[in-house]
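Colleague: This structure is in structure tokens; I'll ask about it shortly.
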């Protein structure tokens, strides 16, 4: 059993003010693999005090010194990447190869993109007419709350630009996937991060998240998670009028037109939806298909879906693992059962666990056909390996259906017509649009429209989220 009950505050590991243990469950075995302590508002106060004290120093540190810290963190991260692989496997059930090739490398990707953005950023520049000086300054003490589905990805996407901007911070990683965050704190300490610049307090939303959001000495909250929880952060932050950056849920549409390479498009669509066991906020979970090829695409999906294997995360290979928890498993099963009850056609998968996986929170990769855009499974973020297929007649109808959602994080287009791809992408209300299987780099802005959040992360865009703009005239 791994014991990680302490928090990282003021450059050292400290005991919680009041001890309250929580077991970390391996979702593949349902067994406890670690124990942490849940913090409280008193722990948040101590961490914020340390961050506030450090801000006077860190906000004045040169760009070269901040860049030097990021470079040292990168070197340590790369050396200890095997430990990160194992932490992510244990805490969220990511298969070993997926952790090694996708989850863990995301941390280095954000650190490197932020380092490049920091070196290139003009913190001072003249105003357009030249009469004033425009100056970027760190916003202050930042509260960072990160989710469990891509744990180190979201931690580094926030911590790296906050450090680069000259901010100090308090991080609350997900309490059900805290091991990667604790390991990253060790890396920052080893890299010589000055005391109080980075602080970590474990805890749940009511005990720590709410205290951070409402804290008068936190100048900014950066939150990634569900839309429901994001609303709670906004409400708690409102009385102190602090900046709030949110990256929230999604129900991303994926448009397949008849002129696409259908087999390639279907394979990409299913692999992208099922990747990370469907636990990605920007996953293409609504597959909108042009009516003339709809049944052909459904047949292809039925053929391709069994290629997604479910496997033990400890085993090498290209397979998906369990979902994060029993609660999440039950929620996904409820969505699948609701889809069946509403009359959607099960093309692959369905309710229950895959054969041979009685232990662990494993879900059958599931595909529904004959779905309407008003069904529950088409409206709600399921956050599991569940794809819904919906036919459309015209390009305009496809765009209307894609936009008919409270979310707007991502959208996907599969077409053989470059002009159509450009035309449709401009009309989709989403923060990112991916054409024919393209994927972005770490310096492309990431964030959403509507209830998918506000602000943008990654690279220079993430850096600017943590900066205030001052005009000096005269």
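Colleague: Looking at (1) touching a helix residue (DSSP H, G or I) at 6+ places or on another chain (Cβ under 8 Å); (2) farther than 24 Å from residue 265 by Cα, which is the only condition residue 311 fails?
Modeller: All conditions are met except number (1).
Colleague: Name the residues in segment 2-23 that are on the phi < 0 side of the Ramachandran plot and either out of contact with any strand residue (DSSP E or B) (no Cβ under 8 Å at 6 or more places or on another chain) or in a loop (DSSP other than H, G, I, E, B) (or both), would you?
Modeller: Step one: list which residues in segment 2-23 are on the phi < 0 side of the Ramachandran plot, which gives 2-9, 12-23.
Passing the criteria: 5, 6, 12, 15, 16, 17, 18, 19, 20.
Colleague: Return a yes/no flag: does segment 273-280 have any residue that is surrounded by fewer than 22 Cβ atoms within 10 Å (Cβ to Cβ), part of a loop (DSSP other than H, G, I, E, B) and not assigned by TED's automatic domain parsing to the domain that holds residue 145.
Modeller: Yes: segment 273-280 contains one or more residues that are surrounded by fewer than 22 Cβ atoms within 10 Å (Cβ to Cβ), part of a loop (DSSP other than H, G, I, E, B) and not assigned by TED's automatic domain parsing to the domain that holds residue 145.
Colleague: Yes or no: segment 334-349 includes at least one residue that is over 23 Å from residue 378 (Cβ atoms) and out of contact with any strand residue (DSSP E or B) (no Cβ under 6 Å at 6 or more places or on another chain). Full working, then the answer.
Modeller: Here is the first cut: in segment 334-349, the residues over 23 Å from residue 378 (Cβ atoms) are none.
No, there is no match, as no residue in segment 334-349 is over 23 Å from residue 378 (Cβ atoms) and out of contact with any strand residue (DSSP E or B) (no Cβ under 6 Å at 6 or more places or on another chain).
Colleague: Right, something else. Just checking: which of the strands (runs of 3 or more DSSP E) contained wholly in segment 335-448 hold 3 or more residues that are within 26 Å of the chain's Cα centre (by Cα)? Before the answer, list the steps.
Modeller: On the way: elements: 345-348, 366-369, 386-392, 410-414, 432-435.
Because the criterion is at least 3 residues that are within 26 Å of the chain's Cα centre (by Cα), the strands (runs of 3 or more DSSP E) in segment 335-448 that meet it are 366-369, 386-392, 410-414, 432-435.
Colleague: Would you check if there is a residue in segment 58-72 being assigned to a helix (DSSP H, G or I), touching a residue at least 40 places away in the same chain (Cβ under 8 Å) and within 20 Å of residue 217 (Cα to Cα)?
Modeller: yes
Colleague: Further question on the same structure: For residue 375, work out the one condition from (1) crowded, with 24+ Cβ neighbours inside 10 Å; (2) touching a strand residue (DSSP E or B) at 6+ places or on another chain (Cβ under 8 Å) it doesn't fulfil.
Modeller: Here residue 375 meets the rest and fails (1).
Colleague: Does residue 90 count as in contact (Cβ under 8 Å) with a residue 60 or more places away in the chain and either surrounded by fewer than 16 Cβ atoms within 10 Å (Cβ to Cβ) or under 19 Å from the mean Cα position of the chain (by Cα) (or both)?
Modeller: Numbers: in contact (Cβ under 8 Å) with a residue 60 or more places away in the chain: yes; either surrounded by fewer than 16 Cβ atoms within 10 Å (Cβ to Cβ) or under 19 Å from the mean Cα position of the chain (by Cα) (or both): yes.
Here the answer is yes, as residue 90 does meet what is asked.
Colleague: Hey, another quick one. Is it the case that some residue within segment 211-223 is in contact with a helix residue (DSSP H, G or I) (Cβ under 9 Å, 6 or more places away or on another chain) and within 30 Å of residue 377 (Cα to Cα)?
Modeller: Within segment 211-223 (the criterion being in contact with a helix residue (DSSP H, G or I) (Cβ under 9 Å, 6 or more places away or on another chain) and within 30 Å of residue 377 (Cα to Cα)), the answer is yes, since at least one residue qualifies.
The values are calculated or read from the model by the stated rules, or taken from the named source; none is laboratory data. From a predicted model like this one, the values you see are computed outputs, not experimental measurements. Neighbour counts are summed over all protein chains in view; Cβ atoms, including those assigned to glycine, are modelled from backbone coordinates with ideal geometry.
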